[in-house]
Structure formats: C-alpha cells, structure tokens
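The values are calculated or read from the model by the stated rules, or taken from the named source; none is laboratory data. Remember, predicted model here, so these are calculated numbers, not experimental data. Neighbour counts run over all protein chains shown; Cβ positions are idealised from the backbone, glycine included.
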Amino acid sequence: MPPRVREGPLLLSLTTGALVVSGVSPVDRLTWLLEALPVLAGIPMLLATHRRFPLTMLSYRLLTVHAMLLLIGAHYTYAQVPIGTWIQSMFGFTRNHFDRIGHFMQGFVPAILAREMLLRTSPLRPGRWLFVLVCSVCLAFSASYELFEWGTARVLGLAATAFLGTQGDEWDTQWDMFLALIGSLTAQTLLAARHDRELTALNAVPHRSDNRP
C-alpha cells in the first residue's frame with residue numbers, strides 16, 4: 001500500500017480524535033466552538049475534495065499540526081494553555097504567549113496552501129511574484145480573521161473576551177498579523193523546494209522561472 005494511502009487516514013484519525021477530546025469539558029464552550037470552527041469546517045471540505053483535488057502530503061501534514069494547535073487553544077482558551085502559562089511563569093512574561101505560536105502558524109500553513117492553489121490553478125510559477133502574492137494572501141487571511149474576531153466581539157460583547165484573547169495587550173492585533181507575515185516568509189523559505197518536489201510527484205509540476213528568489 002503506498003505511503004500516501006496509509007498516511008492520509010492516519011492524519012484524519014488524529015485530527016478527528018483531537019477534535020473529540022478537545023470538546024470534552026472545555027474551559028469555555030462558546031470559545032471552544034469559535035476556535036474549533038476552522039477544524040469543524042475543514043475536515044468535511046477536505047474529505048469532499050480529496051479525490052478530485054488531492055493536496056500534497058506536506059499540506060495535509062501541516063494542516064494536521066495546525067489543527068492540533070487550534071484545538072489545544074480551543075479547549076483551554078489561548079490565555080490559559082498550560083505550557084504557555086508555564087513559560088510565562090518561568091520567564092516572567094506579562095501574558096501567555098501560546099496564541100503567538102497560533103498566529104505564526106496562521107501564516108506558515110496558509111502559505112503552503114496558497115502556494116499550492118496558485119501553482120495548480122493559475123499561470124504563476126515559482127518566482128518572486130509567487131512569493132509576494134503568497135505573503136499577500138496570508139496577510140489578507142490574517143486580517144480577515146482579525147475582522148471576524150472584531151465582529152464576534154461586537155455581537156457577543158463580554159462573552160467573546162476569551163475568544164479575543166488580547167490579554168490586555170493593545171497591540172495584539174498588530175502582533176497577530178506581523179507573526180502571520182513572518183510565518184508565511186518562513187514557510188516559503190524553508191519548504192518551497194520540498195513543496196515543488198511533492199507537486200511534481202503529484203503530477204502538478206511547477207516550472208522554475210528566472211525570477212525565483
């Protein structure tokens with residue numbers, strides 16, 4: 001049995017299992033629902049498209065890791081994730097920084113997904129323009145999420161405090177978007193070559209161009 005055929009169901013099982021476990025007695029049920037929403041929507045979407053538009057295994061692995069981080073934050077709320085609290089206490093930080101990891105990943109993982117979509121569905125090829133456009137997509141995605149948080153807070157008021165997770169930081173929104181940008185830059189720098197190899201193996205071949213960074 002090909003590795004891809006074995007690994008796909010394993011990643012799905014891990015994500016589904018984590019989703020179920022995270023939903024058992026979360027700190028705040030509304031926050032759990034809001035934070036787990038991308039996973040709740042993403043699993044059916046990926047199942048519906050995996051035959052006619054299968055992604056690279058790199059994308060599926062990154063989505064699984066990202067889902068795990070989202071579900072940890074959903075269960076505890078980002079301000080109360082134990083490992084973040086431990087680090088906060090050890091280094092004397094003024095806040096729990098686990099959400100910073102989440103927003104870094106909000107750029108890191110979508111960067112590879114955006115790269116894959118653009119390479120497979122548009123005339124773009126690896127190069128400077130692709131690099132810039134992927135960063136732009138990730139920033140737009142991060143900004144859209146911040147607007148979603150703002151809208152939720154406007155509608156739900158104090159009930160959305162844990163979901164916002166600003167922890168008293170007036171620059172929280174700017175930090176979130178900055179970290180998403182750093183994540184997108186890091187993902188493309190570290191993983192572009194590997195991503196190209198997996199796209200080639202999937203018969204979705206990106207051709208190199210002279211303007212590759």
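Which condition number in (1) within 30 Å of V21 (Cβ to Cβ); (2) in contact (Cβ under 8 Å) with a residue 24 or more places away in the chain is the one that L119 fails?
Result: L119 fails condition (1) only.
Could you please let me know if L70 is at pLDDT 90 or above and in contact with a Gly (Cβ under 8 Å, 6 or more places away or on another chain)? Spell out how you get there, then give the answer.
Details: at pLDDT 90 or above: yes; in contact with a Gly (Cβ under 8 Å, 6 or more places away or on another chain): yes.
For L70, the condition - at pLDDT 90 or above and in contact with a Gly (Cβ under 8 Å, 6 or more places away or on another chain) - is met.
Please go through segment 1-26 and pick out each residue that is at pLDDT 95 or above and over 19 Å from G42 (Cα atoms).
V24, S25, P26
If I ask for residues that are within 19 Å of W175 (Cα to Cα), at pLDDT 90 or above and out of contact with any helix residue (DSSP H, G or I) (no Cβ under 8 Å at 6 or more places or on another chain), which ones from segment 86-102 would you list?
Once the filter is applied, which keeps residues that are within 19 Å of W175 (Cα to Cα), at pLDDT 90 or above and out of contact with any helix residue (DSSP H, G or I) (no Cβ under 8 Å at 6 or more places or on another chain), segment 86-102 yields nothing.
Taking the residues in segment 150-177 that are modelled with pLDDT of 85 or more and within 17 Å of the chain's Cα centre (by Cα) as candidates, determine which candidate is surrounded by the fewest Cβ atoms within 10 Å (Cβ to Cβ).
W175
Would you list the helices (runs of 4 or more DSSP H) that sit entirely within segment 6-112 and hold 1 or more residues that are free of Cβ contacts under 8 Å to residues at least 60 places away in the same chain and either touching a Pro at 6+ places or on another chain (Cβ under 6 Å) or charged (D, E, K, R) (or both)? Don't jump to the end; show me each part of the working.
Numbers: elements: 29-49, 57-76, 82-91.
Per the criteria, 29-49, 57-76.
Got a sec? Which of A180, A187, A193 is of a type in the set (A, V, I, L, M), surrounded by fewer than 16 Cβ atoms within 10 Å (Cβ to Cβ), assigned to a helix (DSSP H, G or I) and modelled with pLDDT of 90 or more?
Numbers: A180 fails: surrounded by fewer than 16 Cβ atoms within 10 Å (Cβ to Cβ); A187 fails: surrounded by fewer than 16 Cβ atoms within 10 Å (Cβ to Cβ).
Sole residue among the options that is of a type in the set (A, V, I, L, M), surrounded by fewer than 16 Cβ atoms within 10 Å (Cβ to Cβ), assigned to a helix (DSSP H, G or I) and modelled with pLDDT of 90 or more: A193.
Quickly run through segment 113-152 and pick out the residues that are among the basic types (K, R) and assigned to a helix (DSSP H, G or I). Let's see the steps before the verdict.
Residues of segment 113-152 among the basic types (K, R): 115, 120, 125, 128.
Across segment 113-152, the qualifying residues are R115, R120, R128.
Out of the residues in segment 68-93 that are among the hydrophobic types (A, V, I, L, M, F, W, C) and surrounded by fewer than 18 Cβ atoms within 10 Å (Cβ to Cβ), which is nearest to the chain's Cα centre (by Cα)? Break it down stepwise before answering.
Initial filter on segment 68-93 (among the hydrophobic types (A, V, I, L, M, F, W, C)): 68-72, 74, 79, 81, 83, 86-87, 90-91, 93.
From the residues that got through so far, the ones that are surrounded by fewer than 18 Cβ atoms within 10 Å (Cβ to Cβ) too are 68, 83, 86-87, 90-91, 93.
Working: M68: 10, I83: 19, W86: 23, I87: 22, M90: 27, F91: 26, F93: 25 Å.
Among those residues, the one meeting the criterion is M68.
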